[in-house]
1. Is the shape of the range 92-178 rounded, prolate or oblate, going by the alpha carbon gyration tensor and its root eigenvalues a ≥ b ≥ c, with a/c under 1.5 for rounded and a/b larger than b/c for prolate?
2. Using the eigenvalues of the Cα gyration tensor, what equivalent ellipsoid semi-axes result for the range 76-136 when each is taken as the square root of five times the eigenvalue, whole Å, largest first?
3. Once fully extended, how much extra length lies between PHE141 and ALA232, figured as 0.36 nm per residue of separation less the alpha-carbon to alpha-carbon distance?
4. At a Förster distance of 22 Å, what's the computed FRET efficiency of SER194 paired with GLN39, Cβ-Cβ distance as r, to 0.05?
5. I'd like the distance separating the alpha-carbon centroids of the range 302-319 and the range 1-68, in whole Å.
6. Restricting everything to alpha-carbon atoms, can you work out Rg to Rh for the range 279-321 with a Kirkwood hydrodynamic radius?
7. Can you pull the accessible area of LEU3 for me, 1.4 Å probe, Å² to the nearest 10?
8. What number, rounded to the nearest 500 deg cm²/dmol, is the helix-based mean residue ellipticity at 222 nm of the chain, given -39500 (n - 2.57) per DSSP H run of at least four residues and division by all its residues?
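The values are calculated or read from the model by the stated rules, or taken from the named source; none is laboratory data. All values derive from a computational prediction rather than experimental measurement. Here Cβ is always computed from backbone atoms with ideal geometry, including for glycine, and neighbour counts include all displayed protein chains. Side chains are part of the model used for accessible areas, which takes the heavy atoms of the whole protein and leaves out ligands, DNA and RNA. Shrake-Rupley method; radii C 1.70, N 1.55, O 1.52, S 1.80 Å.
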Amino acid sequence: MNLYICHTAYQVLIDLVRASRTAGAPHELVLSAKVPEAQALAQRLRATGVVTPILVREDAWPGIATGFLGQQRNRRGFEKRCGWHLQPDRYAEIFIHNDWSVLGRYLQDCRAAYTLCEDTFASTIGPDQSLVEAQRRQPDFAKKQRSGKGYLYWGDSRYCKKVESEDPARCILFGAEKLVGDSKAQLLQSLTESEKSMVRSVFITQPLPQNAAGATLLLPRSFVQDGLLTQAQQDAMFQAVAKKYTVGPLFIKTHPRDETDYAALFPGAVILQRTMPSEVLNFCLPFTFRRAVTVQSFVLRGFTAAEEKIHLTLDEARSLL
């Protein structure tokens, strides 16, 4: 039996499919309660028989205990407050997509060996790896890596034994001995009809349009939550983006954590289910969008349901105002 730890719907999609193809089901899948509508998602996951979901409230653990026996105190505090106790020996393998998290630190507190999966599609080969580079410049980096005392993220912890990459040949972060090739693009392209049906049963809870060829899909995200824009600035920016790039009917599929009321912002647009991973649209629609547009997001990396993909930087989008 494997353990999969997920913080987003996209990660759940990937691990659900992988678990369905791995002997030992039902595997266990830890679902961070930060995932929107996590309780309902957990019920649908359980119904597949592929995974046993475990909801964990990471936000119940307030921070990091330091000083004497810090790791032991963190581990026990997490278990008491969050209500989950890891037993590493129960699992053949442990997979996590985001070790820069409360659950990632808990794995390190438990000294559990794990595989780091890509947080988003092809994230290990993205152009900006400044967080990893900055971590490695810290004066205590080598000491932490040798001793395992103190947290390291993004695959640098001594407890991270393998790092998955969409294309190891293009990943310069780690040596070949640590990298594992695991193409999520190929995984999603290889879905069987029964696997597609399973995915639909988990992620699609409202009817999808059946005929909208020539339409534009806008895939916004919340810059308000990131502290980069006010709500009014963000609304105006996406209205400007839609005005410039929309051809045909407008569809909107936002990020699951974006709580903007796009139905009010774009009267007449078709608002797709917020909590559904956009990758599900690759195989669940009987048509292809004419154009897909996003702003400063990786969402289009693995998106194949559009003839044209337009990726704007935040500065480019703001210049349209």
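1. It is oblate, given that a/c is not under 1.5 and a/b is not larger than b/c.
2. On the way: eigenvalues 129, 40, 19 Å².
In descending order the semi-axes read 25, 14, 10 Å.
3. Details: separation 91, 0.36 × 91 = 32.76 nm, distance 4.15 nm.
Length gained between PHE141 and ALA232: 28.6 nm.
4. 0.25
5. 30 Å
6. Taking Rg over the Kirkwood Rh, I get 1.05.
7. 0 Å²
8. Using -39500 (n - 2.57) per qualifying helix, the result is -9000 deg cm²/dmol.
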